Every structure is written in structure tokens, then in C-alpha cells.
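These notes are about the structure you will find just below.
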Amino acid sequence: MPYFRNVEGYNLYYEEWNPDSKNGIIILLHGFASSASFFKKQIKVLKKNYRIIAFDALGHGRSEHPKDLNLNLNKNLRDDTIRDLEDLLKYLDVKEKYGIIGHSLVGGMIAQLICMKDPERIKFLILLNSGYIMIDNVIRNIFYNLLPYFIRMNFLDVVANSIEDILDKTIPYIMTALSNFILNSKLTKDELYMRIESQIFKMITEIKEYDPSEIRCPTLIIGGRLDNFAPEQMSEELHKKIPNSELQIIDMAGHFAPAQRKEVVNGLICDFIGKVK
């Protein structure tokens, strides 16, 4: 199986399909706790015409799983994945422009940030069940997963007015989820509490400051009507802010719409790429 070693010395699994295609390159970015194999229904269709590149982020899928990864509260999946993707493209000698497809809050956010960081290299962007929330480390991921659906639907408005109350209710559960970290670190419970609080406040500040209007490439945003993890309101908000974007909300589809409604999703993706070409 193909692997490449990242700058930290970890082996990351990647796959490439139809490498000799002259029709363009598409990069696939999976979400948190997922892997490149999530896109197997899309790969089956896209590899017929395009060069497809996908990899498992550190600690995911068939990539190396460091023992201390979940104990490193400051480990930033977002920045590390962007760095590893850039190194993978150099490793594969990819010099031409490419399209990028990101799923969920993490994969979709990473895709958005890449488009803003290196706009000259991006041909198009496709966001699947994505949003504007940065759950890019252990603390933030646990926090977001504890929130009920009605808060996720109106995340910024609710959190802006009730963050202290929300933290009072969620931090004890976050502490319990991080019990192994407490046992294996030198932090006291009070110090860990302060670190959790700091990470969540910083997360909210980053979300408020995040501005995807800088994304200029053609963008397709696909949401699911039944998505309770990245509610359709997030897709609608992204559509409002990304200038050259179109929005599709799929009925009878949840957060895993690319697998649940693969025919519909694949049709929308192929039609969009055709228009971009």
C-alpha cells in the first residue's frame, strides 16, 4: 500500500486513481474520525475521467496512529492536514491546478482554507455537509459533539449570548472524556479546566472572524435536509458569503449524504465539474 512520510516522521496512507488522466486533478478531504474510503462511491464515478488523489489524515484510517495523539490537546488537525497535503502534492509532483472536495466540518473547512491560502492553484471547490465551525482539535470536537441540534442550527447567535452557561454544562463532560489525559499529564484539574475554557473561547472568536468571501473559485455547496451535525443553515450561510457559489440542499439526506444519496450527490458533482470545464 502506498505511504509517504510527513515532516513529523509519521507514515500517511494515500491513494491515487487514473494518474495519466488529462482531464484534471481532484483532491478529496475526509472529515474528523473518517478516512479517504468514505468517498468510495464518488471515486467509482470520478476516476473514470479524472486523476483522483486522497489520503488519510494522521490518526485516521490506514495512516499511522500515534499513541499520544488524542492526549495532545494542542494538536491542530486543520493546520497539520494542510501541511501534509501540500507535502503529498510535492511528493507526487503535482504542479497543475486542481479541484478540491471536502466533507464535513473538518474536511470542508480545510478545503476552504486551502482555497484562500493558494487561490491560483484551485480550479473549483465542492463542499459536502460542511460549515464554518472549526472543530480542529480534541477539546473542540468533544465540545461540539455535546451540543444539541437547536444550538448547532444557530450556533453563533446562541453561543454569543449563552457561552458561560453552555460551558458550565459541557465542561464537566469534557473533563470526563479527557480522564486519560488527566492521568497521563502533569496538569491539575483546574489547569485543564482553564485550558478547555481557553480553547472554546478561542474557537468562537475564530468563527466570528472567519470570512469565506475570499474564496473566488467556482464553488458547489451540498447540504442535507436531515443533517443534524452540520445543519443546512450552515450550508446556506456559506452560500451567502462565498461569491461564486451555488447551493443544493438534498431532501432525505443526513450528514453522510455522499453515501446515503450517492446517485444524487454524484450527479450534482459531475454536472458542476462539467460546467466548470
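Nothing in this text is a laboratory measurement; each read-out follows from the coordinates by a stated rule. Keep in mind that what you see is a predicted model, and the values were worked out from it rather than measured. Ideal geometry is used to build each Cβ from the backbone, glycine not excepted, and the neighbour counts take in all protein chains shown.
What translational D, rounded to a whole number of µm²/s, comes out for the range 26-91 from Stokes-Einstein when the hydrodynamic radius is the Kirkwood one over Cα pairs, at 25 °C and 0.890 mPa s? This corresponds to a translational diffusion coefficient of 189 µm²/s. On a per residue basis, the convex hull of the C-alpha atoms belonging to the range 221-277 measures out at 65 Å³.
Compared with the dominant Cα axis of the chain, that is its longest principal axis, helix 232-241 is turned about 70°.
Quote the Stokes-Einstein diffusion coefficient, in whole µm² s⁻¹, for the range 138-207, based on the Kirkwood radius over alpha carbon pairs, a temperature of 25 °C and a viscosity of 0.890 mPa s.
On the way: Rh = 12.6 Å.
For the chosen part, D equals 195 µm²/s.
For the chain, the longest principal axis of the alpha carbon atoms and the long axis of helix 155-177 meet at an angle near 70°. Considered as an equivalent ellipsoid built on the Cα gyration tensor, the chain has semi-axes of 31, 23, 16 Å, the largest given first.
For the range 134-274, take every pair of Cα atoms, bin their distances at 10 Å starting from 0, and report each bin as a whole percent. Spelled out per bin, shortest first, that is 10, 33, 30, 19, 8, 1. Neighbour counts of C-beta atoms inside 10 Å place LEU127, LEU147 in the sequence LEU147, LEU127, starting with the fewest. If you average the C-alpha positions of the range 20-58 and of the range 184-222 separately, how far apart do those two centres end up, in angstrom? Cα centroid of the range 20-58 versus Cα centroid of the range 184-222: 27 Å apart. Our helix-only sum for the chain, with -39,500 (n - 2.57) per DSSP H run of n ≥ 4 divided by its residues, gives a mean residue ellipticity at 222 nm of -14500 deg cm²/dmol.
Could you rank the peptides 196-208, 213-225, 52-64 by their average count of other C-beta atoms within 10 Å per residue, with the highest value first?
Working: 196-208: 15.5, 213-225: 20.4, 52-64: 21.9.
The packing order, highest mean first, is 52-64, 213-225, 196-208.
When the chain is treated as a GNM with alpha-carbon contacts under 10 Å, the residue of VAL265, VAL158, VAL106 showing the greatest mean-square fluctuation is VAL158.
Extents of the range 83-123, largest first, come to 28, 19, 15 Å (Cα atoms, principal axes, whole angstrom). Ordering PHE124, PHE150 by the number of other Cβ atoms within 10 Å of each residue's own Cβ, fewest first, gives PHE150, PHE124.
Taking other Cβ within 10 Å of each residue's Cβ, how do ARG140, ARG51 sort, fewest first?
Numbers: ARG140 25, ARG51 22.
Lowest to highest Cβ neighbour count: ARG51, ARG140.
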